[in-house]
1. Looking at the stretch 396-412, I want the residues that are under 14 Å from Tyr438 (Cβ atoms) and touching a residue at least 12 places away in the same chain (Cβ under 8 Å) and have a partner that is open to solvent by 30 Å² or more (accessible area, probe 1.4 Å) and among the charged types (D, E, K, R) with Cβ atoms under 7 Å, at least 6 apart or on another chain. Which pairs are those?
2. So, Lys190, is that one of a type in the set (D, E, K, R), open to solvent by 40 Å² or more (accessible area, probe 1.4 Å), in contact (Cβ under 8 Å) with a residue 24 or more places away in the chain and not in a loop (DSSP other than H, G, I, E, B) or not?
3. Of everything in the stretch 330-365, what is open to solvent by less than 40 Å² (accessible area, probe 1.4 Å), polar (S, T, N, Q) and out of contact with any Asp or Glu (no Cβ under 9 Å at 6 or more places or on another chain)? Give them in sequence order.
4. Could you check the stretch 366-409 and list, in sequence order, the residues that are within 30 Å of Ile420 (Cβ to Cβ) and either among the charged types (D, E, K, R) or open to solvent by 40 Å² or more (accessible area, probe 1.4 Å) (or both)?
5. Among the residues of the stretch 215-227, are any assigned to a strand (DSSP E or B), under 25 Å from the mean Cα position of the chain (by Cα), of a type outside the set (Gly, Ala, Ser) and closer than 17 Å to Leu145 by Cβ?
6. Name the one entry in Ala482, Ala504 that is surrounded by fewer than 20 Cβ atoms within 10 Å (Cβ to Cβ) and assigned to a loop (DSSP other than H, G, I, E, B).
7. With touching a strand residue (DSSP E or B) at 6+ places or on another chain (Cβ under 7 Å) and modelled with pLDDT of 95 or more as the only criterion, which of Ala319, Ala382 stands out?
8. Only residues that are within 11 Å of Ala308 (Cα to Cα) and open to solvent by less than 10 Å² (accessible area, probe 1.4 Å): list them for the stretch 429-441, please.
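The values are calculated or read from the model by the stated rules, or taken from the named source; none is laboratory data. These numbers were taken from a predicted model, which means no experiment stands behind them. All Cβ positions, glycine included, derive from the backbone under ideal geometry; neighbour counts span all protein chains shown. Each accessible area value is taken on the protein alone, full model and side chains, heavy atoms only, with ligands, DNA and RNA left out. Shrake-Rupley method; radii C 1.70, N 1.55, O 1.52, S 1.80 Å.
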Amino acid sequence: MSTYTAPLKDMQFAITAFAGLDGVAALPGCEEVNAELVEAVLTEAGKFAQGVLDPLNRVGDTQGARWQDGVVSAPDGFKEAYRQFTEAGWNSLGAATEYGGQGLPHCLSMPLQEMWNSANMAFCLCPMLTTGVQEALSHHGSKALRDTYLPKLVSGEWTGTMNLTEPQAGSDLSAVRASATPEGDHYRIKGTKIFITWGEHDMAANIVHLVLARLPDAPEGVKGISLFVVPKFLLNADGSPGARNDIRCVSIEHKMGIHGSPTCVLAYGDGPGAIGYLVGEPNRGLEYMFTMMNHARLGVGMEGIALAERAYQHALEYARTRVQGRAIGQKSGDRVTIIHHPDVRRMLLTMKAQTEAMRALGYYAAGELDRAKRHPDTAERARHQALLDLLTPVVKGWCTEVAVEIASLGVQVHGGMGFIEETGAAQYLRDARISTIYEGTTGIQANDLIGRKVGAEKGVTAFALIAEMRKLDGGLAGSQRAAFTTAVTALERATQWLVDHYRAKPEAAAAVAVPYLKLFGTVAGGWLMARASLLAAKQLKEPGADQAFLEAKQATARFYLEHLLAQAAAYADTVTEGADAVLALDPEAF
């Protein structure tokens, strides 16, 4: 089994080059952020990820969360690790200072999410969702709700969940049936919620559920859904947890991966009904929940990056130590480790290049999030928000889809041993598989991308980003320039096709939405890898340059541009020519 090591150099490079650390540091509230602080935080977080979380990853996978009579126990070691996590202040890093947080920007907090997920995704899901609850309450909760719940959520003393899905609803939230009946200053919640990650556990003193439910007079569909805070334990007058609320964990799911994370079925109101408190205004619950969901979608994208990195590290260690065969062209002499075989190097370079491209895009989005929140100019905030909105489904959808491919390649590098659980490679593939489904499947992300993010605004933000990409063209040369120019043109062509057809032929546009999302991610990743190569070339000329790191950065970028970016033209052809083929076969003929 390999040991996780945070890729600190690449993280710092990406924060500086793609999140735009200098620009973020100039934003209000970020005056103390600088390269030295980033290095210090990343270094300490890397130690925690490697020393505390990574050793528990295998424990969580083999032992799993345990349910008995409604009580859920985390795997051995998780509770103590969570205590250390919160006491070290990791839970509060990006939270508002008025509630006990450290107020650091997202371009620093998101790389930490990458570390936690690489080391132990099942564990990380708990604090990630807690952060999402903080976001929703910060934006939409009353002062009373914020003052009551945020300090404990920020400190990590209490954890949070989001309760959307019901057995009959799935992703169709218009079918939500959970009810909320007014009773004085609160509501009685009744219904069943499924797929509630960390919905019940023994790691924290209380769990704060954000629950979608309908008021008695609510209109049908998504416009009739309200959002409620429903704590596991009701609060005493002094704010401490008191009597148990009418919430019961009926069971936990038996899953393909992330075994250490309990995925719960929660029953609300077996008795008089669970007591809950309305967030914001009635019938605006789905709108409010999307604050949390959009934050979570970026977090799930980071899960994809994290598991890709972990699968790569695991495969790399195996390739460096597994002796098998002689070097190509040698008929005698010592056998070599498999990293000397060209096809293994091809697989490792594919894993490495794609992971670096995804990290670049994820960190770029984190920088846009900081600017959208903190920029002093209203127009600039709106511009950065539009770009963030465009990138969010791409980060979530593309990074997670590619992560599954990378984890699968990790198994392939191991050969037959990769199919054996004891080597550990299979866990990363099993764990990664959920990330394409969490917070909306890839199809949902793609429909969001072509609809609200491209079609609805006639491609304004997408074309602006494409124009920004073209500015890089002159800095490249030879085959890399040709590959880049072809890919950007392909993205532009496909985007124009969607703008032309989205309203006139919505079914056709939806039929090619996922290929378009993959096209966008592939080209955006190539753009940032090209930028990385040019920046590395510049830095190599500086005194004291880290030659090995920067030359590797150039080589990885070259591989991406010459091997992986070629997919863009094929994706574009699928978008512009492939819709009819999807729709040609009648549903009854399948």
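1. From the stretch 396-412, the pairs are Lys396/Glu439; Glu401/Lys518; Val404/Arg433.
2. On the way: of a type in the set (D, E, K, R): yes; open to solvent by 40 Å² or more (accessible area, probe 1.4 Å): yes; in contact (Cβ under 8 Å) with a residue 24 or more places away in the chain: yes; not in a loop (DSSP other than H, G, I, E, B): yes.
So Lys190 passes the test.
3. Pass one, the stretch 330-365, residues open to solvent by less than 40 Å² (accessible area, probe 1.4 Å): 336-338, 341, 344, 347-348, 350-351, 353-365.
Now restrict to residues that are polar (S, T, N, Q): 337, 350, 354-355.
The one that is open to solvent by less than 40 Å² (accessible area, probe 1.4 Å), polar (S, T, N, Q) and out of contact with any Asp or Glu (no Cβ under 9 Å at 6 or more places or on another chain): Thr337.
4. If the condition is that a residue be within 30 Å of Ile420 (Cβ to Cβ) and either among the charged types (D, E, K, R) or open to solvent by 40 Å² or more (accessible area, probe 1.4 Å) (or both), then Glu401, Glu405, Ser408 are the ones that fit.
5. Here is the first cut: in the stretch 215-227, the ones assigned to a strand (DSSP E or B) are 226-227.
Then drop every residue that is not under 25 Å from the mean Cα position of the chain (by Cα), which leaves 227.
Now drop any that are not of a type outside the set (Gly, Ala, Ser), which leaves 227.
Subset that is closer than 17 Å to Leu145 by Cβ: 227.
Yes, the conditions are met somewhere in the stretch 215-227.
6. One residue alone meets the criteria, Ala504.
7. On the way: Ala382 fails: touching a strand residue (DSSP E or B) at 6+ places or on another chain (Cβ under 7 Å).
Only one candidate qualifies: Ala319.
8. Of everything in the stretch 429-441, those that are within 11 Å of Ala308 (Cα to Cα) and open to solvent by less than 10 Å² (accessible area, probe 1.4 Å) turn out to be Asp431, Ala432.
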